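For reference, the structure is listed below as structure tokens.
The values are calculated or read from the model by the stated rules, or taken from the named source; none is laboratory data. Since this is a predicted model, take the numbers as computed values, not measurements. Heads up, the Cβs are rebuilt from the backbone with ideal geometry, glycines too, and the neighbour counts pull from every protein chain shown.
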Amino acid sequence: MKCTLCEKEIGDIESAIEEGWMPQFYVGEQEYDVACPTCSEKYLQMGADGEMELRPEYTKTFMDSSSYSPPPKSESYKLPAHLL
Ligand SMILES: [Zn+2]
């Protein structure tokens, strides 16, 4: 599987969680799969409901870039290079 945000690869969900990956996060109401520790630290925050969510300053970019309608859960997404 791959980090949703940067496409860094990890073997499976068990090893991902062991290495500190987020198993899922939210952008608005939409749930997305894993984010690596680097992206989690940089782009995610703990939401009011206790779920990890994309920081508000990145949400518009994410939605604009992923033709939000909503995107398929498995579709990998890469943040624009200027944000990395
Ligand atoms: Zn990542």
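A few remarks follow.
Conditions tested, residue by residue: (1) among the aromatic types (F, W, Y); (2) at pLDDT 90 or above; (3) within 18 Å of I10 (Cα to Cα); (4) touching a His at 6+ places or on another chain (Cβ under 9 Å).
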| site | (1), (2), (3), (4) |
| --- | --- |
| Y26 | yes, yes, no, no |
| C36 | no, yes, yes, no |
| C39 | no, yes, yes, no |
| D49 | no, no, no, no |
| Y58 | yes, yes, no, no |
| S65 | no, no, no, no |
| A81 | no, no, no, no |
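- Across the stretch 1-20, the qualifying residues are those that are under 15 Å from S40 (Cα atoms) and away from the ligand (no atom under 12 Å from the Cβ), and the one among them that is surrounded by the fewest Cβ atoms within 10 Å (Cβ to Cβ) is E18.
- The set of residues from the stretch 21-30 being surrounded by 13 or more Cβ atoms within 10 Å (Cβ to Cβ) and either away from the ligand (no atom under 13 Å from the Cβ) or more than 19 Å from M1 (Cβ to Cβ) (or both) comprises Q24, Y26, V27, Q30.
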